[in-house]
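Reviewing the structure listed below.
The values are calculated or read from the model by the stated rules, or taken from the named source; none is laboratory data. The model shown is predicted, which means the values in this text are computed figures rather than measured ones. Neighbour counts run over all protein chains shown; Cβ positions are idealised from the backbone, glycine included.
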Amino acid sequence: MNTGDANYIKQLNRRILIEEIIKSRSLSRSDLARITGLNKATVSAQVSELIAEKIVIEKKEGESVTRGRKPILLELNANGAFSIGIDIVEDYINIIFMDLKGEAFHSVRVALEDADLECAVDQLIETVTPLIKKFAKNYQPNGLAGICVGIHGIVNAKEEIIFTPKQRWSNINIKDRLEAALQTTVYVDNNANLSVFAEQVFDEAIPDLFCITLYSGIGLGIMNENKIYRGYQGFAGEIGHMVVESKGLPCSCGNTGCWELYASERALMNALEKDRPAASEQEILDALHDGEGAAQIIDSYLDYLAVGINNIINIFNPEKIILNGTIINGNSPFITEIEHKLKSKINNYRDIRASRLGEYSCALGGAAFVIKNFFDVNKIDYTGYEYFLSIYDV
């Protein structure tokens with residue numbers, strides 16, 4: 001065996017062990033060898049390196065069930081590094097700070113002072129710089145592992161922002177500027193991609209998963225065999241610009257009759273606002289459960305939503321679809337109604353449900369994506385940790 005082959009096998013074994021330690025939360029060396037199928041000598045050597053790098057720590061089990069020595073358990077060192085996930089929305093920025101065990105320990109929401117991207121980046125740098133300095137000393141030896149920024153628009157394979165339909169940002173590179181200003185690795189991705197990644201990491205550990213985000217527009221994130229499906233040059237998932245009315249409403253993308261003009265939650269709110277021009281946003285949301293006029297608007301909205309979901313199911317045959325939006329997450333009857341509208345005999349899927357991660361999914365996915373790359377693994381599974389909802393309290 002040459003040196004190249006030996007290094008490849010060593011790296012492969014390291015990935016296998018880290019993935020299992022993440023998934024199992026806490027386990028002994030012998031358990032790790034048994035589960036992974038690697039011999040004990042390999043496990044011992046690799047674990048020693050991970051401990052030396054302060055990626056893994058040892059803990060004694062609290063109580064021994066038999067006589068003799070208590071087993072030494074292995075866990076991730078939560079404080080070995082931290083990551084930041086960022087979601088740049090139309091008028092605000094969500095920011096999540098996460099430790100190596102996938103727990104969000106700090107969150108910030110910043111109202112954007114200007115719609116210009118350069119101003120948004122300035123504001124972002126100004127916000128996170130003192131926080132990075134504050135937390136870095138507590139997360140050693142690696143400090144900040146990196147940052148991932150979610151964009152509500154098209155991001156190409158070079159991580160450049162090609163176009164955002166709402167703000168009309170086009171052909172912009174913020175990656176280089178952020179890396180220079182913050183002195184760390186920066187990733188830039190589409191928000192729906194990061195949302196579906198978060199759903200898999202924290203709540204649905206299945207290799208193939210779909211997530212449809214419904215907030216101001218509509219995006220589709222696809223996990224295919226544990227990888228984000230990006231298509232040719234990274235443009236995959238712009239499902240909101242699928243045409244559902246050939247001579248319909250004009251869209252900022254250049255087409256007419258795009259799905260998101262009829263089935264995004266912004267489209268539903270616009271329709272309800274027309275019906276109640278003097279109402280507040282809360283009164284409009286309350287109208288979702290009251291009044292015949294609202295019922296007709298909602299039924300039309302769900303018709304359009306079902307049309308697009310029907311197309312997605314027939315094209316991709318997904319196992320599970322997660323719908324994520326401010327309104328849909330709190331209205332499970334909407335999902336029941338959508339399923340009733342999926343009448344085709346060739347519709348085939350296992351489940352459609354609302355997101356449990358909600359509006360923080362993109363930022364959570366971004367922070368988790370950094371950790372995945374920090375560990376250099378194929379998959380991270382935090383579903384057994386069951387604390388993702390604590391983000392609403394940090």
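Among the residues of the stretch 172-212, count how many are β-branched (Val, Ile, Thr) and under 13 Å from the mean Cα position of the chain (by Cα). Steps first, please.
As a first pass, look at the stretch 172-212 and keep what is β-branched (Val, Ile, Thr): 172, 174, 184-186, 188, 196, 201, 206, 212.
When the remaining residues are screened for being under 13 Å from the mean Cα position of the chain (by Cα), the result is 188, 196, 201, 212.
Total satisfying the criteria: 4.
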Name the residue, out of ASP208, ASP303, ASP275, ASP299, that is surrounded by 14 or more Cβ atoms within 10 Å (Cβ to Cβ), under 19 Å from GLU337 (Cα atoms), out of contact with any Ser or Thr (no Cβ under 9 Å at 6 or more places or on another chain) and not small (Gly, Ala, Ser).
ASP303
Would you check if there is a residue in the stretch 299-309 being within 21 Å of the chain's Cα centre (by Cα) and not assigned by TED's automatic domain parsing to the domain that holds THR383?
yes
Suppose we keep only residues that are modelled with pLDDT under 90 and not in a strand (DSSP E or B) within the stretch 153-172. Which one would you say is surrounded by the fewest Cβ atoms within 10 Å (Cβ to Cβ)?
ARG168
Considering each of GLU159, GLU113 in turn, give the residue that is within 22 Å of LYS372 (Cα to Cα) and of a type in the set (D, E, K, R).
GLU159
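Can you tell which of VAL149, VAL188 is in contact with a Cys (Cβ under 8 Å, 6 or more places away or on another chain) and in contact (Cβ under 8 Å) with a residue 24 or more places away in the chain?
Testing whether each residue is in contact with a Cys (Cβ under 8 Å, 6 or more places away or on another chain) and in contact (Cβ under 8 Å) with a residue 24 or more places away in the chain leaves just VAL188.
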One residue from GLY150, GLY146 being closer than 23 Å to PHE197 by Cα, at pLDDT 95 or above and touching an Asp or Glu at 6+ places or on another chain (Cβ under 6 Å):
GLY150
Before we move on, is SER48 of a type in the set (S, T, N, Q), surrounded by 15 or more Cβ atoms within 10 Å (Cβ to Cβ) and closer than 30 Å to SER24 by Cα?
no
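Looking at this structure, is SER332 surrounded by fewer than 17 Cβ atoms within 10 Å (Cβ to Cβ), in contact with a strand residue (DSSP E or B) (Cβ under 9 Å, 6 or more places away or on another chain) and not assigned by TED's automatic domain parsing to the domain that holds HIS106? It would help to see each step written out before you state the result.
Details: surrounded by fewer than 17 Cβ atoms within 10 Å (Cβ to Cβ): yes; in contact with a strand residue (DSSP E or B) (Cβ under 9 Å, 6 or more places away or on another chain): yes; not assigned by TED's automatic domain parsing to the domain that holds HIS106: yes.
Here the answer is yes, as SER332 does meet what is asked.
Looking at ILE297, ILE328, ILE322, can you tell me which residue is in contact (Cβ under 8 Å) with a residue 24 or more places away in the chain and over 22 Å from VAL196 (Cβ atoms)? Lay out the reasoning, then the answer.
Details: ILE328 fails: over 22 Å from VAL196 (Cβ atoms); ILE322 fails: over 22 Å from VAL196 (Cβ atoms).
Exactly one residue qualifies, and that residue is ILE297.
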